[in-house]
1. Can you pull out every residue in region B:26-51 that is touching a residue at least 12 places away in the same chain (Cβ under 8 Å), at the interface with chain A (Cβ under 7 Å from one of its Cβ atoms) and more than 19 Å from B:VAL102 (Cβ to Cβ)?
2. Test each condition in (1) in contact with a strand residue (DSSP E or B) (Cβ under 6 Å, 6 or more places away or on another chain); (2) at the interface with another protein chain (Cβ under 7 Å from one of its Cβ atoms); (3) charged (D, E, K, R) for B:ASP64 and report the one that comes out false.
3. Tally the residues that are in a loop (DSSP other than H, G, I, E, B), surrounded by fewer than 23 Cβ atoms within 10 Å (Cβ to Cβ) and within 13 Å of chain B (Cβ to nearest Cβ), restricting the search to region A:16-51.
4. Can B:ALA17 be described as crowded, with 19+ Cβ neighbours inside 10 Å and free of Cβ contacts under 8 Å to residues at least 24 places away in the same chain?
5. Being of a type outside the set (Val, Ile, Thr), modelled with pLDDT under 90 and more than 20 Å from B:GLY20 (Cβ to Cβ), is that true of even one residue in region B:47-60?
6. So is B:ALA58 buried (at least 20 other Cβ atoms within 10 Å of the Cβ), without any contact (Cβ under 8 Å) to a residue 40 or more places away in the chain, within 11 Å of the chain's Cα centre (by Cα) and within 14 Å of chain A (Cβ to nearest Cβ) or not?
7. For A:GLU10, work out the one condition from (1) at pLDDT below 90; (2) assigned to a helix (DSSP H, G or I) it doesn't fulfil.
8. Please determine whether any residue of region A:52-64 is within 14 Å of another protein chain (Cβ to nearest Cβ) and free of Cβ contacts under 8 Å to residues at least 12 places away in the same chain.
Amino acid sequence: MSLPTETLVEGLLAGEQRALARTISAIENRTEGYRDLVARLYEHADPNETAVIGVTGSPGSGKSTLVEELIAAYRGRDLDVGVIAVDPSSPYSGGAVLGDRIRVSSTMEDSGVFFRSMSARGALGGLSTAATEAVRALSAFGMDVVFLETVGTGQNEIDVVRAADSVLLLVPPDAGDVVQTLKAGVLEIADIFVVNKADLDGAERTVHELEDMLRMANEGPGPDRSDGWEKPILTTVATEGEGIDDLVGALEDHRSHLRASGGLASAATERTAAEVRTLVEDDLETAIAAAIDRRGGMDAIAESVLDGSADPYSAAREIIEAMDLEDALEAGDTHAAQDARRRP
Amino acid sequence: MGAQQEHGQETIRCLIAKVGLDGHDRGAQVIARAFRDAGFEVIYSGLHNAPEDIVRAAVQEDVDVVGVSILSGAHNTVIPEILDGLEAENALEDTLLIVGGVVPDEDIEDLKAAGVAEVFGPGTDLDTTIEFVRENAPR
């Protein structure tokens, strides 16, 4: 199936949700020609004009409900909002039930909101690329704010929220020991901590524990990564809409800080560098696979090392010698299926 | 990762929705789970969707299949509204609309004539529904 690139670009830029939706599908499926499509959107997606907000936290911490409240708050300011909700897929069947849409249905009677569910299907490691590209499509569409919502349990999810300018980490009120075991990677990328469900017991204690932990992190060894931004710890009761205004204020403060400190620009450079690197690696991987095939397959190569007729270093060298860069160039746009199931 | 990808196919995306006021969502949940296990990607939009919510969700999520569960008897009103909405969004052509729940026989033909692909009544085998989707999902 070839993509109607021209129709999609025109439709998307004209504000047709269906064109936006089909563009995101092409990105997810890595449909042949999707790179041309995304490339066409590039010039219309200005990172300065779209605030990308990552929302992560453990299952049940209230991400969807909080996002619903934030959508309402931004809609109240007449801003257009996009949401990419990433949910892990079932590892056995490859299928998934994506339920984040349930919570946001009441805010959806509104054409200024675009909500898209994304599973972690196949694309281990590639998921963050797909999410970044989907954010770009939403930005080109003209969204003022884009939420990237994901369960913060693994590296995959952490990589997803790296595409955001500001990252909210939701912590449940009874976290207790959980606070101490928050994964280092999650802590570092969080810009704002939100203790949600603050009407429940233990919220205050959780806030104190977070404060202690942040203090220790700041006083601890290692380079100062804070960039002058003091990470606030806010409390919300998303179901009641409590604390939402303060949270929106904190998000605005963070964005102003990013602008003033040059963080927005340097993050864009960092992200773009990572994106280009990923693309190069993706395409080279195809060329590597083809070279391995030409050498008789990895099993045969391993056998030859095991039976003593080669050593691992010469085997690796021979694979590289058998590489044809044409394969990588060709892979650039016909990546489709094998790419989607590539292991990181 | 999934078998779907290994065969170079796109994953079938489905929206499963409950329409209107009836609060019985067990059937919809069972279908959502079964579709997931069949390797489909299921967007479950929960209870009390208005027809326009379903249309909007179908468009934004770019699903291949919309499954509407309805037990309230309002099918003759809400299903045509969904069909019209999809039509207005230019999405009817490549969306498979299936209905599950309690629909009297005499209404089934009307719904099908209006554009519903199939109606699955109580007691339908899950595999029957899954097989139908596999064979008829627009590609």
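The values are calculated or read from the model by the stated rules, or taken from the named source; none is laboratory data. Bear in mind the structure is a predicted one, so any value in this text is a computation, not a measurement. Glycine gets a Cβ as well: all are built from the backbone with ideal geometry, and neighbour counts include every protein chain shown.
1. B:PHE35, B:ALA38, B:GLY39, B:PHE40, B:GLU41, B:VAL42, B:ILE43, B:TYR44, B:SER45, B:GLY46
2. That leaves (2) as the condition not met.
3. 3
4. Criteria not met by B:ALA17.
5. Checked against the condition, which is being of a type outside the set (Val, Ile, Thr), modelled with pLDDT under 90 and more than 20 Å from B:GLY20 (Cβ to Cβ), region B:47-60 yields no hits at all.
6. no
7. The one condition A:GLU10 does not meet is (1).
8. We begin by selecting, within region A:52-64, every residue within 14 Å of another protein chain (Cβ to nearest Cβ); these are A:64.
With the extra rule that they be free of Cβ contacts under 8 Å to residues at least 12 places away in the same chain, the set shrinks to none.
No.
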